[in-house]
Amino acid sequence: MDFELHVWRQKSPKEKGRMEVYPAKGIHADMSFLEMLDVVNEGLASQGVEPIAFDHDCREGICGMCSLVINGIPHGPERATTTCELYMRHFKDGQKIFIEPWRARAFPVLKDLIVDRSAFDRVIQAGGYVSVNTGSAPEANTLPVPKDCAELSMDAAACIGCGACVAACKNASAMLFVAAKVSHLGLLPQGRVEARDRVQSMVKAMDQEGFGNCTNQYECEAVCPKAISVSFISLMNREYLKSSFQPPAV
Amino acid sequence: MELNPKIPDGPIEEKWDRHRFRLKLVNPANKRKYRIIVVGTGLAGASAAASLAELGYQVRSFCYQDSPRRAHSIAAQGGINAAKNYQNDGDSVRRLFYDTVKGGDFRSREANVYRLAQVSGNIIDQCVAQGVPFAREYSGYLANRSFGGAQVSRTFYARGQTGQQLLLGAYQALARQIGLGKVQMHPRTEMLDLVLVDGHAKGIVTRDLVTGEIQSQAADAVVLATGGYANVFYLSTNAKGCNATAIFRAYKKGALFANPCYTQIHPTCIPASGDYQSKLTLMSESLRNDGRIWVPKKKGDRRPPAQIPEEERDYYLERKYPSYGNLAPRDISSRSAKEVCDAGLGVGENGNGVYLDFRDAIRGLGKKVIRERYGNLFDMYEKITHENPYEVPMRIYPAPHYTMGGLWVDYNLMSNVPGLYVLGEANFSDHGANRLGASALMQGLADGYFILPYTIGDYLVSAGAQKFAADRPEFRQALDDVRGRTSRLLSIRGRRTVDSFHRELGSIAWNHCGMARTEAGLQKALSSIAALKSEFWKDVNVPGEGEELNQSLERAGRVADFFDFAELMCADALHRRESCGGHFREEFQTAEGEARRDDRNFCYVGAWEFAGEGKPPRLHKEPLTFENIQLAERSYK
Ligand SMILES: Cc1cc2nc3c(=O)[nH]c(=O)nc-3n(C[C@H](O)[C@H](O)[C@H](O)COP(=O)(O)OP(=O)(O)OC[C@H]3O[C@@H](n4cnc5c(N)ncnc54)[C@H](O)[C@@H]3O)c2cc1C
Ligand code: FES
């Protein structure tokens, strides 16, 4: 298969970027999208052109490192799929493919297709944990957890922190990401103790990082590679509302 | 050099307890005077950094990814072992200890393994308290599954994403300490050298992967938790960035490298589909609980699997190992797959696979149960191969996956370099010549949560707090070395890409130092690697500059270290004239084709010392003694 790639190139955070056109020739349908980029990069390097920089690591859909907007859709056209799990068999021979970085105020471009997502880490640092020191845990089976709670919590915990939800949202909102963490922990008895403070601090940190508001467009769920449900956003909204009426912990 | 493993005296059940009592404690008020560098944020590094910070130490943490949450531990699927005996099926600390030593083919240190089994239960407690959503029964209590190499059900899991959930637990504990200002986090930063002051590890040299800035970092102790080296084979189940650079640089500074030839080839991976393949994907071995492995009995049988009648199928693991069947340990399962494929019985377009069939399980348990147990793995398989495993059996083939070898450490997890600690997959300590499934996660978290936080204090007290003298000549020298190496890589501007060298190196290592090894093959590998290495230093093309984000440069540095490391791995494989666990020397096998150990001559840890550029490394031996488990031929029949 052959493709015409239109790729965002940007040398550094300060410089202005532009789209460049590169041919991708002799691509096998069973290649992954990133393997196709590898092939293009090998070609560029041998012509003395600097290869296209893009983030990736596990290449099996779990680390959350890969992040490309492909033909306008974060992680490309397949549902519940990361870019690294996308295969060229899903594209048409001769197709034009536009490849851009995540675009959001809170995710500045570092180079080409690589963005800085450290804002997500700071939101977690603000409260996305259970405050238990090593060694102070009780015997694991002391506290039974209803299976459906554990399962629902796991649905939320499956978030890989890739940022596609932000990239897909016209307001660049991080609600799905934050809601997933608030729900993962809040649905378990171990996480209830701090539920009130957690939602307050995480929402505050989210606003400080410059993420936008949620206006219920649900683009986030549509692109989420782990198909995390927007129902967690309503769960978080309820948690937030509840926490605003509760007296602060003393 | 004397290798002292510092194994405490007394009966094995009491060693750890006695040892902890004897270790010196750091006064709580003094802890903040000590700075500790932790390189790596996988299960081992993140759990260590968080626990040390909770104790009050100043911690600096490093990883090459953009966030500590993306360390390769995230990819572990199947589960984590612990001797909780929740199933009341006869498990105990001693049984987990026994299974691990036997699984490791009697090439691990008894005392370390026993301690690992002892703390395994605490790990589950800790993770549950952190909010790890482990699988549960309808009663609300924790669920378990079985894993290869064990006859009890002791593996805890969170769907097929156990590593992800455990790592998020550790990452969140770390994030909490970062938020509190106790840990200074340096993501997108790669360690390129270790700095010794008066023979002690007192710092590292790093490159900022965004700006390209090369800097030194000083501390009172350095902890390496940088993972394994399976990417020496190029194609492996590891993430693309996994590398041996940190531990190899430490080796060059005097740390001994133990058992580099012990590599694990995982039996259940998706076969490579073409020469553009960039990595291999693992299908969790938990699939072997319900899937049955077979090949057609007739060579070149091209019929679709459903049309091959029962009596024309060879369920070769069930046939050869009736008591363990499809759950035979990894090394044995992998080698059996290679045997049938080498005999021309392999399936799939390239004949490089065997079937893992769920037909009977689906008939017996129903599709719903199978989907509940393995849904995400089945989806992943379908995404990659475009085949539906509910209908057609999966095709699998072994792939490099885990490395048992690593830097030598004593019972305190300290290398022979004082002040240098090594945790997780990066050390050699617990798995001998073969690791059992679900034991790496256990070891990483044991090291980081429950062992290092105790043992490091003993060293810190005796060494005393430093004044972080980063202006010392040792630091300047190390900085110059790293800068020199980086500019050398950038100045070659040859014709071949870094990746093309890495692929070629990988195929040499795989063909001659992979699932089966011979003296002649290893000799050949050594000369081919040397030739390719010199070509690399003459003809590699690393585009771009040093003072910017430059992924080709990152890869070039890692591949350069893999060249030197591959030589060490082959030298170790050549010297070990026996077969044990993942190290299979064709010359040393029983009449039935099983590994033949030579306990009289090789019952030791082979720890290699760097002797200078171009000189053969020096071998040191730590004899292994088995006082609690009798040395026996491993049988899974
Ligand atoms: C696909 C797959 C599935 C697995 N499934 C299981 C399972 O079910 N059960 C089980 O027990 N085990 C499993 N394993 C093995 C297990 O996941 C690993 O052995 C374990 O997670 C390693 O943890 P670690 O903390 O030692 O290293 P890693 O998680 O690999 O972390 C290494 C860290 O070091 C950092 N680093 C590396 N080099 C440098 C450098 N030069 N400079 C700075 N930072 C650096 C990285 O950024 C990273 O943070 C699996 C492995 C794979 C590949
Ligand atoms: S590279 Fe890890 S999720 Fe895509």
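Looking across the stretch A:157-181 at every residue that is surrounded by fewer than 24 Cβ atoms within 10 Å (Cβ to Cβ) and within 16 Å of residue A:100 (Cα to Cα), the one that is nearest to ligand 2 (Cβ to nearest atom) is identified as A:163.
Looking at this structure, is residue A:104 open to solvent by 10 Å² or more (accessible area, probe 1.4 Å) and closer than 18 Å to residue A:203 by Cβ? Answer is yes for this residue.
The set of residues from the stretch B:99-126 being without any contact (Cβ under 8 Å) to a residue 40 or more places away in the chain, surrounded by fewer than 23 Cβ atoms within 10 Å (Cβ to Cβ) and away from chain A (no Cβ under 14 Å) is empty. Total residues in the stretch B:34-58 satisfying the condition of being away from ligand 2 (no atom under 16 Å from the Cβ) and either within 13 Å of chain A (Cβ to nearest Cβ) or outside any strand (DSSP E or B) (or both): the figure is 17.
Number of residues in the stretch B:490-517 that are under 12 Å from residue B:566 (Cβ atoms) and within 14 Å of chain A (Cβ to nearest Cβ) equals 3.
Within the stretch B:305-333, the set of residues being modelled with pLDDT of 95 or more, open to solvent by 20 Å² or more (accessible area, probe 1.4 Å) and part of a loop (DSSP other than H, G, I, E, B) comprises B:309, B:315.
Within the stretch B:340-360, being closer than 15 Å to residue B:268 by Cα and either part of a helix (DSSP H, G or I) or hydrophobic (A, V, I, L, M, F, W, C) (or both) holds for B:340, B:341, B:347, B:354, B:356, B:358.
When the stretch A:44-60 is filtered for residues that are more than 7 Å from ligand 2 (Cβ to nearest atom) and in contact (Cβ under 8 Å) with a residue 12 or more places away in the chain, the ones remaining, listed by number, are A:44, A:52, A:53, A:54, A:55.
Within the set A:34, A:5, the sole residue that is of a type outside the set (Asp, Glu) and in contact with a Cys (Cβ under 9 Å, 6 or more places away or on another chain) turns out to be A:34. When restricted to residues that are crowded, with 20+ Cβ neighbours inside 10 Å and either out of contact with any strand residue (DSSP E or B) (no Cβ under 7 Å at 6 or more places or on another chain) or facing another protein chain (nearest Cβ under 9 Å) (or both), the stretch B:137-164 contains 12. Can you spot a residue in the stretch B:84-98 that is open to solvent by 20 Å² or more (accessible area, probe 1.4 Å), among the β-branched types (Val, Ile, Thr) and over 17 Å from the mean Cα position of the chain (by Cα)? Yes, the stretch B:84-98 has at least one match. Within the stretch B:354-372, being closer than 15 Å to residue B:292 by Cβ and either of a type outside the set (Val, Ile, Thr) or not assigned by TED's automatic domain parsing to the domain that holds residue B:317 (or both) holds for B:355, B:356, B:357, B:358, B:359, B:360, B:361, B:363, B:364, B:365. When you scan the stretch A:93-103, do you find a residue that is over 15 Å from the mean Cα position of the chain (by Cα), closer than 23 Å to residue B:555 by Cβ and outside the structural domain of residue A:219 (by TED's automatic domain parsing), even just one? There is at least one residue in the stretch A:93-103 that is over 15 Å from the mean Cα position of the chain (by Cα), closer than 23 Å to residue B:555 by Cβ and outside the structural domain of residue A:219 (by TED's automatic domain parsing).
Within the stretch B:76-112, being touching a strand residue (DSSP E or B) at 6+ places or on another chain (Cβ under 8 Å) and within 12 Å of ligand 1 (Cβ to nearest atom) holds for B:77, B:78, B:79, B:80, B:81, B:82. Criterion applied to A:221, A:239 was being of a type in the set (Asp, Glu), more than 12 Å from chain B (Cβ to nearest Cβ), outside any loop (DSSP other than H, G, I, E, B) and open to solvent by less than 40 Å² (accessible area, probe 1.4 Å), and the one residue passing it is A:239.
I need every pair where a residue in the stretch A:61-77 that is closer than 17 Å to residue A:36 by Cβ has its Cβ under 7 Å from the Cβ of a residue that is of a type in the set (Asp, Glu), sequence separation at least 6 or different chains. That search, which allows pairs on different chains as well, returns A:61/A:85; A:66/A:55; A:67/A:55; A:69/A:100. Out of A:1, A:36, one residue alone is open to solvent by 50 Å² or more (accessible area, probe 1.4 Å), over 18 Å from residue B:550 (Cα atoms) and of a type outside the set (S, T, N, Q). It is A:1. Annotation: of all residues in the stretch B:239-263 being within 14 Å of another protein chain (Cβ to nearest Cβ) and open to solvent by less than 10 Å² (accessible area, probe 1.4 Å), the one that is nearest to ligand 2 (Cβ to nearest atom) is B:239. Evaluate the stretch A:8-27: report whether one residue or more is closer than 12 Å to residue B:276 by Cβ and at the interface with chain B (Cβ under 7 Å from one of its Cβ atoms). So far as the stretch A:8-27 goes, no, none of its residues is closer than 12 Å to residue B:276 by Cβ and at the interface with chain B (Cβ under 7 Å from one of its Cβ atoms). Only a single criterion out of (1) among the aromatic types (Phe, Trp, Tyr); (2) within 20 Å of residue A:69 (Cβ to Cβ); (3) surrounded by fewer than 16 Cβ atoms within 10 Å (Cβ to Cβ) is not satisfied by residue A:245, namely (2). For the stretch B:471-488, check the following and say yes or no: at least one residue is in a loop (DSSP other than H, G, I, E, B) and touching a helix residue (DSSP H, G or I) at 6+ places or on another chain (Cβ under 9 Å). No, every residue in the stretch B:471-488 fails to be in a loop (DSSP other than H, G, I, E, B) and touching a helix residue (DSSP H, G or I) at 6+ places or on another chain (Cβ under 9 Å).
Taking only the stretch B:412-461 into account, find how many residues are of a type in the set (A, V, I, L, M), more than 9 Å from ligand 1 (Cβ to nearest atom) and within 14 Å of another protein chain (Cβ to nearest Cβ). Steps first, please.
So in the stretch B:412-461, the residues of a type in the set (A, V, I, L, M) come out as B:413-414, B:417, B:420, B:422-423, B:426, B:433, B:436, B:438, B:440-442, B:445-446, B:451-452, B:456, B:460-461.
Now drop any that are not more than 9 Å from ligand 1 (Cβ to nearest atom), which leaves B:413-414, B:417, B:420, B:422, B:433, B:446, B:451-452, B:456, B:460-461.
From what is left, the residues that are within 14 Å of another protein chain (Cβ to nearest Cβ) are B:446, B:451-452, B:456.
Qualifying residue count, the stretch B:412-461: 4.
Looking at this structure, is residue A:79 assigned to a loop (DSSP other than H, G, I, E, B), within 23 Å of residue A:235 (Cβ to Cβ), under 15 Å from the mean Cα position of the chain (by Cα) and of a type in the set (Lys, Arg)? In short, yes. Looking only at residues of the stretch B:218-236 that are among the hydroxyl-bearing types (Ser, Thr, Tyr) and open to solvent by less than 10 Å² (accessible area, probe 1.4 Å), we find that the one that is nearest to ligand 1 (Cβ to nearest atom) is B:236.
The values are calculated or read from the model by the stated rules, or taken from the named source; none is laboratory data. Since this is a predicted model, take the numbers as computed values, not measurements. When we count neighbours, we look across all protein chains shown, and the Cβ atoms used for this are built from the backbone with ideal geometry, even at glycine. Note: areas computed on protein heavy atoms with side chains; ligands, DNA, RNA excluded. Shrake-Rupley method; radii C 1.70, N 1.55, O 1.52, S 1.80 Å.
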